[in-house]
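Structure incoming, see below.
The values are calculated or read from the model by the stated rules, or taken from the named source; none is laboratory data. Computed from a predicted model, the values in this text were never measured in an experiment. In this analysis, Cβ positions are derived from the backbone assuming ideal geometry, glycine residues included, and neighbour counts consider all displayed protein chains. The accessibility values were calculated without ligands, DNA or RNA, using every heavy atom of the protein model including side chains. Shrake-Rupley method; radii C 1.70, N 1.55, O 1.52, S 1.80 Å.
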Amino acid sequence: MKNVLALLSILALPALAAEPTLYGRYEYIKLPEIGGQTLKAKMDTGALTASLSAKDIQTFTRDGDDWVRFRLATKDADNKVYEHKISRMSKIKNRAEEDDDGEGTEVSQRPVVDLELCLGDVKRTVEVNLVDRSSFNYPLLIGAKGLREFKAAVNPARRFVADKPDC
């Protein structure tokens with residue numbers, strides 16, 4: 001009987017390790033590659049990708065690769081220019097003005113970069129698209145893909161569960 005219990009507990013270990021970490025609807029996230037900035041982020045299970053508030057976004061070519069140059073569009077941002085290699089261009093549909101027949105949908109392209117993000121004591125590389133979010137309350141949005149990278153579950157009733165990032 002002891003052997004059976006021991007075997008069952010060993011078999012249950014992968015399931016326990018796979019449990020997601022519970023975060024709140026809003027969390028602090030540090031951007032080590034963007035001047036070590038710590039931003040308030042919205043953890044949005046309804047969005048697919050992550051978005052960072054940026055302005056003066058310019059794409060260019062360096063050594064045959066596509067790059068992007070931008071400044072942070074946050075209230076506490078300095079005027080520093082950041083440059084990152086583009087991992088891909090995303091096509092985003094703006095459905096806000098879509099007609100019933102589907103016409104009027106605008107498609108915009110956004111540069112996507114791979115950025116290190118620090119949430120709590122966990123650091124992960126996440127695909128982040130760049131767009132001016134200065135009219136939103138939170139300059140950083142973490143969508144479902146980013147949440148999966150952090151093995152995160154979101155409790156919408158909680159806020160800032162992970163406290164300040166410490167990676």
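Quick check on segment 31-45. Is at least one of its residues at pLDDT 90 or above, over 30 Å from residue 163 (Cα atoms) and surrounded by 10 or more Cβ atoms within 10 Å (Cβ to Cβ)?
No.
Every residue, every condition in (1) touching a Lys or Arg at 6+ places or on another chain (Cβ under 7 Å); (2) within 24 Å of residue 18 (Cβ to Cβ); (3) touching a residue at least 24 places away in the same chain (Cβ under 8 Å), yes or no:
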| position | (1), (2), (3) |
| --- | --- |
| 107 | yes, no, no |
| 111 | no, no, yes |
| 127 | yes, yes, yes |
| 131 | yes, no, yes |
| 148 | no, yes, no |
| 157 | no, yes, yes |
| 162 | no, yes, yes |
| 165 | yes, yes, yes |
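Output the residues belonging to segment 16-45 that are part of a strand (DSSP E or B) and touching a helix residue (DSSP H, G or I) at 6+ places or on another chain (Cβ under 7 Å).
Within segment 16-45, just 43 meets the criteria.
Right, next: Can you tell me which residues in segment 123-154 are touching a helix residue (DSSP H, G or I) at 6+ places or on another chain (Cβ under 9 Å) and open to solvent by 10 Å² or more (accessible area, probe 1.4 Å)?
124, 125, 127, 152, 153, 154
Tell me which strands (runs of 3 or more DSSP E) are completely within segment 77-167 and hold 3 or more residues being more than 14 Å from the chain's Cα centre (by Cα) and modelled with pLDDT of 95 or more, or say none if there are none.
Counting at least 3 such residues, we get 82-94.
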